[in-house]
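S.K.: Structure incoming, see below.
The values are calculated or read from the model by the stated rules, or taken from the named source; none is laboratory data. None of the values given here were measured: they were computed from a predicted structure. All Cβ positions, even for glycine, are placed from backbone atoms using ideal geometry, and neighbour counts span all protein chains on display.
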Amino acid sequence: MLDLRSANVFYGAAQALHDVSLSVARGEVVALAGRNGAGKSTTLKAMAGLLPLRTGALSLDGTVIAAPKPEAMSRYGVGYVPEDRQIFPTLTVNENLAIATIVRRPDRKWVLDDIYDLFPRLAERRRAAGQALSGGEKQMLAIGRAMLCSPQILLLDEPTEGLAPIVVQGVVEAIGKIVSQGVGVVIVEQNFRVPEQLAKRFVVLDSGRVVWSGEKSDLSRNASTVSSLLSGMATS
């Protein structure tokens, strides 16, 4: 389990997260929701070691990780797919994926063929440069690159943003297959219909604070409360 506990995060003098706690277990999908600027991406970055905690703790399987850094979190088994995907534009699909295999790991579970099985479209485009890919292909590549580090936990920031509906469904199905392999996922999405297909637990942020959390079954019972907190987001 990856566990963020009572996290306070700052950008300079401005506090972005206020005592935020969030955990995810292997094989579990947790949806992190909220309006723009609520602190969703900041929370993922804190869990990935990209932002330091002023106070609070980050632990994996009960072991506190002191001063977490992104390269260490990757080795611990935490994968992160940023909202902007960060594809190398002049490298081919093959080369973008190969970068993730530079660090040799004896416990590596995912190999290149697994990624091409997960995303057949990438196999067709394996010699295409990153800058020639569509938005959906770039998202597939970003997820595939993260999976080649064989993460126990995968952090996804807006994985379907700007994608056509048919592409969105393909990405959702791929995430479902990843979860079926025992990988835990924290997913941030503006389109709430996406995490509703995948997640069993939901956490809502507002102004850097957790303002609601519950199981999927709690959503309908608290529909008006959740809708008001998510006003401006797409909900079913």
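Residues are listed down the side, and each one gets a yes or a no for (1) loosely packed, with under 15 Cβ neighbours inside 10 Å; (2) of a type outside the set (D, E, K, R); (3) within 28 Å of residue 72 (Cβ to Cβ):
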position: 98; (1), (2), (3): yes, yes, yes
position: 102; (1), (2), (3): yes, yes, yes
position: 111; (1), (2), (3): yes, yes, yes
position: 118; (1), (2), (3): no, yes, yes
position: 131; (1), (2), (3): yes, yes, no
position: 146; (1), (2), (3): no, yes, yes
position: 149; (1), (2), (3): no, yes, yes
position: 152; (1), (2), (3): no, yes, yes
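S.K.: Ok, one more. Scan the stretch 65-91 and report the pairs whose first residue is on the phi > 0 side of the Ramachandran plot and in contact (Cβ under 8 Å) with a residue 24 or more places away in the chain and whose second residue is of a type in the set (S, T, N, Q) and part of a loop (DSSP other than H, G, I, E, B), with Cβ atoms within less than 6 Å and a gap of 6+ or a chain change.
M.R.: Qualifying pairs under 6 Å: 77/152.
S.K.: Go through the stretch 38-72 and report how many residues are surrounded by 15 or more Cβ atoms within 10 Å (Cβ to Cβ) and in a strand (DSSP E or B).
M.R.: We begin by selecting, within the stretch 38-72, every residue surrounded by 15 or more Cβ atoms within 10 Å (Cβ to Cβ); these are 38-51, 53, 56-60, 65, 68.
If we keep only those that are in a strand (DSSP E or B) as well, we get 56-60.
The total comes to 5.
S.K.: Here are some residues: 49, 77, 130, 56. Which one is at pLDDT below 95, touching a strand residue (DSSP E or B) at 6+ places or on another chain (Cβ under 8 Å) and among the small types (Gly, Ala, Ser)?
M.R.: Numbers: 49 fails: at pLDDT below 95; 130 fails: at pLDDT below 95; 56 fails: at pLDDT below 95.
Being at pLDDT below 95, touching a strand residue (DSSP E or B) at 6+ places or on another chain (Cβ under 8 Å) and among the small types (Gly, Ala, Ser) holds for just one of 49, 77, 130, 56, which is 77.
S.K.: If we keep just the residues of the stretch 1-37 that are among the small types (Gly, Ala, Ser) and assigned to a strand (DSSP E or B), which is farthest from the chain's Cα centre (by Cα)? Walk me through it before giving the result.
M.R.: So the first thing to find is which residues in the stretch 1-37 are among the small types (Gly, Ala, Ser), and the list is 6-7, 12-14, 16, 21, 23, 25, 27, 31, 33-34, 37.
If we keep only those that are assigned to a strand (DSSP E or B) too, we end up with 6-7, 14, 16, 21, 23, 31, 33.
Details: 6: 20, 7: 18, 14: 24, 16: 19, 21: 16, 23: 13, 31: 9, 33: 12 Å.
Of everything passing the filter in the stretch 1-37, 14 is farthest from the chain's Cα centre (by Cα).
S.K.: May I ask you to list the residues in the stretch 83-136 that are out of contact with any Leu (no Cβ under 8 Å at 6 or more places or on another chain), part of a loop (DSSP other than H, G, I, E, B) and among the hydroxyl-bearing types (Ser, Thr, Tyr)?
M.R.: 90, 134
S.K.: Considering each residue of the stretch 190-199, count those that are surrounded by 22 or more Cβ atoms within 10 Å (Cβ to Cβ) and farther than 20 Å from residue 25 by Cβ, and give that number.
M.R.: 1
S.K.: For the stretch 137-167, enumerate the residues that are in a helix (DSSP H, G or I) and either polar (S, T, N, Q) or touching a Pro at 6+ places or on another chain (Cβ under 9 Å) (or both).
M.R.: First pass over the stretch 137-167, keeping only residues in a helix (DSSP H, G or I): 137-147, 165-167.
Those that are in a helix (DSSP H, G or I) and either polar (S, T, N, Q) or touching a Pro at 6+ places or on another chain (Cβ under 9 Å) (or both): 139, 142, 143.
S.K.: Kindly evaluate residue 84 against the criterion of being under 22 Å from residue 33 (Cβ atoms) and surrounded by 15 or more Cβ atoms within 10 Å (Cβ to Cβ).
M.R.: On the way: under 22 Å from residue 33 (Cβ atoms): yes; surrounded by 15 or more Cβ atoms within 10 Å (Cβ to Cβ): no.
Answer is no for this residue.
S.K.: On the given criteria, is residue 179 under 18 Å from residue 24 (Cβ atoms) and assigned to a strand (DSSP E or B)? Break it down into steps so the answer makes sense when it comes.
M.R.: On the way: under 18 Å from residue 24 (Cβ atoms): yes; assigned to a strand (DSSP E or B): no.
The answer is no for residue 179.
S.K.: Within the stretch 154-208, can you find the residues that are among the acidic types (Asp, Glu) and in contact (Cβ under 8 Å) with a residue 60 or more places away in the chain?
M.R.: Of the stretch 154-208, the ones among the acidic types (Asp, Glu) are 157-158, 161, 173, 189, 196, 206.
Passing the criteria: 157, 158, 161, 189, 196, 206.
S.K.: I've got another one for you. For the stretch 169-180, check the following and say yes or no: at least one residue is crowded, with 21+ Cβ neighbours inside 10 Å and under 24 Å from residue 21 (Cα atoms).
M.R.: Scanning the stretch 169-180 turns up at least one residue that is crowded, with 21+ Cβ neighbours inside 10 Å and under 24 Å from residue 21 (Cα atoms).
S.K.: Determine, yes or no, whether residue 90 is over 28 Å from residue 14 (Cβ atoms) and either in contact with a strand residue (DSSP E or B) (Cβ under 7 Å, 6 or more places away or on another chain) or surrounded by 15 or more Cβ atoms within 10 Å (Cβ to Cβ) (or both).
M.R.: On the way: over 28 Å from residue 14 (Cβ atoms): yes; either in contact with a strand residue (DSSP E or B) (Cβ under 7 Å, 6 or more places away or on another chain) or surrounded by 15 or more Cβ atoms within 10 Å (Cβ to Cβ) (or both): yes.
It is true that residue 90 is over 28 Å from residue 14 (Cβ atoms) and either in contact with a strand residue (DSSP E or B) (Cβ under 7 Å, 6 or more places away or on another chain) or surrounded by 15 or more Cβ atoms within 10 Å (Cβ to Cβ) (or both).
S.K.: Please work out if residue 73 is within 16 Å of residue 187 (Cα to Cα) and either in contact with a helix residue (DSSP H, G or I) (Cβ under 9 Å, 6 or more places away or on another chain) or not small (Gly, Ala, Ser) (or both).
M.R.: Working: within 16 Å of residue 187 (Cα to Cα): no; either in contact with a helix residue (DSSP H, G or I) (Cβ under 9 Å, 6 or more places away or on another chain) or not small (Gly, Ala, Ser) (or both): yes.
When the stated conditions are applied, residue 73 does not pass them.
S.K.: Could you list, in sequence order, the residues of the stretch 123-150 that are small (Gly, Ala, Ser) and over 29 Å from residue 182 (Cβ atoms)?
M.R.: Within the stretch 123-150, 128, 129, 130, 132, 134 meet the criteria.
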